[in-house]
Structures are given as structure tokens and as C-alpha cells.
2 protein chains.
Amino acid sequence: MNIAQHLSTHDIKPSYQRIKIYEYLYEKMNHPTVDLIYKNLVGEIPTLSKTTVYNTLKLFIDKGITSTVTIEDNEVRYDAIMDAHGHFKCTACGAIYDIKYDFKDVAMNELKGFEVKETQVHVKGKCNQCLTNKN
Amino acid sequence: MNIAQHLSTHDIKPSYQRIKIYEYLYEKMNHPTVDLIYKNLVGEIPTLSKTTVYNTLKLFIDKGITSTVTIEDNEVRYDAIMDAHGHFKCTACGAIYDIKYDFKDVAMNELKGFEVKETQVHVKGKCNQCLTNKN
DNA sequence: CATAAATTTGTAATCATTACAAATATAAAT
DNA sequence: ATTTATATTTGTAATGATTACAAATTTATG
């Protein structure tokens with residue numbers, strides 16, 4: 001995918017920082033925190049400011065090409081995938097997995113007459129890798 | 001329900017503050033923030049400290065009689081209902097509704113071999129009340 | 001009572017996020 | 001090109017929720 005193009009399509013001027021931040025989000029798919037994005041890019045962009053990362057992510061969210069994942073109380077994570085999907089966080093290794101779910105099945109009958117804009121499904125536990133390795 | 005009893009059953013000594021905090025959680029069912037709990041109880045317990053509210057909620061969570069609701073990025077809410085259920089937050093009036101969902105349907109087939117400890121379902125949008133009133 | 005243990009409290013520290021204004025870069029106009 | 005305006009980035013300071021910690025208070029125990 002052409003990232004500059006993608007940003008332009010969504011009414012975002014493709015500056016160097018914006019391209020790099022989106023590229024990181026999109027290619028790593030690791031649901032990073034602001035801090036992780038910053039630490040991974042500051043080598044390549046030495047003048048990068050954490051404020052820019054915050055500003056840029058807020059812009060991405062406003063324009064609808066990024067969403068937040070609040071699976072933990074104390075940190076906000078970011079995701080470039082915009083299709084409805086859930087997240088599983090392994091409490092052992094910390095990895096976050098994308099999971100599909102059937103949107104229709106999630107409480108939709110209870111929300112008759114409600115206007116649903118956004119659904120988040122968060123599951124926590126231990127991933128199969130950690131379960132087989134450790135135990 | 002006898003709250004002191006309930007706390008004792010879960011290995012929590014039923015102090016005055018703990019009883020009052022649990023009582024607030026359980027009776028109001030309003031998914032309050034720490035600040036809201038504090039503001040509502042400090043009239044009745046003038047010496048109450050916000051630290052006590054934090055400590056107490058952490059204890060409740062450890063002992064399994066309270067859970068957190070992180071439907072917003074910037075605030076943690078608390079809930080005394082421990083059955084698996086989801087939450088709908090109205091972006092217009094701010095109210096939080098409990099919603100039931102079918103646990104089996106939520107991505108369970110994708111998590112074969114995973115150990116699931118906790119599931120949270122968050123839905124945002126506008127409630128029927130706000131939709132009929134406003135529009 | 002006296003002593004020990006648990007609980008509560010207040011203050012200070014921490015950490016993520018936001019506000020804001022200066023600096024820099026980009027685009028438009030002359 | 002050069003100036004002028006606009007947008008973007010940056011750094012610092014402010015905010016606000018949460019945690020750390022030690023003193024004060026309360027409750028339980030000998």
C-alpha cells in the first residue's frame with residue numbers, strides 16, 4: 001500500500017513524520033503505545049517529539065484511519081486496522097492478538113433502538129504458546 | 001444482601017469505609033469513577049481519603065468482588081457486578097448501560113488452546129432515550 | 001491495659017497526556 | 001525569487017489520575 005496516498009485520501013497531508021508513524025503502525029501490527037512508537041522512530045527521526053506522536057495519532061483517529069485499544073487500565077494502544085475485531089492480551093508474555101468475532105452476536109438484540117458507533121471486545125488470559133512452554 | 005457478610009465471605013474485613021464503598025458500588029450500579037465515589041461519600045465520612053478509595057477498590061478487585069470498566073481512554077470505572085456482561089456508553093448523555101451478551105459467541109472458536117480469564121465488551125453510541133429526545 | 005497488627009490518611013512522587021507558544025517547514029501570492 | 005501566510009513540528013510547562021510511602025488512627029490480641 002502507498003501510505004502517502006492513503007493519508008491523502010483521508011484528508012491528511014503526508015508529512016514525513018506522519019508517514020513514518022503510520023508506516024510503523026501498519027507494518028508492525030503490534031498495537032503499540034505512544035512510548036513504543038516514539039522509541040522506535042526517534043533513531044530514524046532524531047528531532048521527533050512525543051507531542052508529535054500524540055498529535056498525529058489524534059489526527060489519524062479523527063480522520064478514521066486509526067483506532068485505540070484500551071485493553072489495559074493504564075495505557076492506550078493504537079491500531080491501524082479499522083475492521084471490527086477484538087483483542088486478546090496474554091497476561092504472561094504481554095502479546096496482543098487480533099481476534100475476529102461475529103458482530104451480530106454481540107449483544108445486538110439488547111440494543112434495539114440504540115445507535116451503535118463502536119464496539120470493542122477485549123479478552124485476557126494466557127496464549128497457547130505460553131501455556132505449552134511454561135507448564 | 002448483607003454487605004459486611006459479603007465482604008467477610010471474600011476474606012475482606014468489613015471496616016466502615018469498605019462497607020460504605022461497596023454499598024455505593026452495589027446500590028448505585030452507576031459504574032462510578034474513583035472521584036465520583038469519593039465525592040459521594042466524603043459528606044458522610046468527612047475524614048475519607050481518596051487513597052482509601054483506591055486502596056479499597058484494589059482490594060475488592062484482588063478478592064474478586066469488583067471489576068474495572070475501561071470503556072474510556074482516560075478514566076477507570078468500577079462495577080460490583082461480576083457476572084460476564086458488557087457495557088454500552090452513550091456518547092450524548094454519558095450514561096453506561098449493562099448489556100448481556102452470549103459469551104460463547106464472542107470469538108471463542110478463535111481462542112482454541114488459549115486460557116481465557118476475562119472478557120470485556122464495550123459498545124459506544126447513542127441510547128434510545130437521547131435519540132428520541134434530541135432528534 | 002499494653003502491644004502488635006491492620007487500616008486509614010495526607011503528602012509527595014510518578015507517569016501519561018494535554019496545553020501552549022516558539023520554531024520550523026511548506027504552500028501561496030506578489 | 002522573495003515575501004507572506006499557513007500548516008506542522010517541537011519543547012516546556014501544566015494537568016490530572018494513580019501510586020508510594022510513612023505517620024496517624026483504629027482494631028485485634030496477649
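The values are calculated or read from the model by the stated rules, or taken from the named source; none is laboratory data. Computed from a predicted model, the values in this text were never measured in an experiment. All Cβ positions, even for glycine, are placed from backbone atoms using ideal geometry, and neighbour counts span all protein chains on display. In case anyone asks, the SASA skips ligands and DNA or RNA and just uses the protein heavy atoms, side chains included. Shrake-Rupley method; radii C 1.70, N 1.55, O 1.52, S 1.80 Å.
At a glance:
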quantity	calculated
Residues located in segment B:1-13, provided they are in contact (Cβ under 8 Å) with a residue 12 or more places away in the chain and not small (Gly, Ala, Ser)	B:Met1, B:Ile3, B:His6, B:Leu7, B:His10, B:Asp11, B:Ile12
Looking only at segment B:1-23, and only at residues there that are open to solvent by 40 Å² or more (accessible area, probe 1.4 Å) and β-branched (Val, Ile, Thr), the one that is nearest to the chain's Cα centre (by Cα)	B:Ile19
Answer residue from segment B:38-60, given it is within 10 Å of DNA strand D (Cβ to nearest atom) and among the aliphatic types (A, V, I, L, M) and is farthest from B:Ile96 (Cα to Cα) among those	B:Val53
Yes/no for A:Tyr16 being in contact with a helix residue (DSSP H, G or I) (Cβ under 9 Å, 6 or more places away or on another chain), touching a residue at least 12 places away in the same chain (Cβ under 8 Å) and hydroxyl-bearing (Ser, Thr, Tyr)	no
Count of segment A:65-79 residues which are open to solvent by less than 30 Å² (accessible area, probe 1.4 Å) and either acidic (Asp, Glu) or out of contact with any Asp or Glu (no Cβ under 9 Å at 6 or more places or on another chain) (or both)	4
Condition met for A:Val42 (within 15 Å of DNA strand C (Cβ to nearest atom) and open to solvent by less than 40 Å² (accessible area, probe 1.4 Å))	no
Selection from segment A:1-37 of residues that are of a type in the set (D, E, K, R) and closer than 23 Å to A:Ile99 by Cα	A:Glu23, A:Glu27, A:Lys28
Residue check for B:Tyr26: open to solvent by 40 Å² or more (accessible area, probe 1.4 Å), under 26 Å from B:Gly94 (Cβ atoms), away from DNA strand D (no atom under 11 Å from the Cβ) and touching a residue at least 12 places away in the same chain (Cβ under 8 Å)	yes
First in segment A:46-61 and surrounded by 13 or more Cβ atoms within 10 Å (Cβ to Cβ), second anywhere and part of a helix (DSSP H, G or I) and among the acidic types (Asp, Glu), Cβ under 8 Å, 6 or more apart	A:Lys50/A:Asp35
Cβ pairs under 8 Å, 6+ apart, first in segment B:71-82 and under 14 Å from B:Gln120 (Cα atoms) and of a type in the set (D, E, K, R), second open to solvent by 20 Å² or more (accessible area, probe 1.4 Å) and not in a loop (DSSP other than H, G, I, E, B)	B:Glu72/B:Lys89; B:Arg77/B:Thr33; B:Arg77/B:Thr68; B:Arg77/B:Ile96; B:Asp79/B:Ser67; B:Asp79/B:Thr68
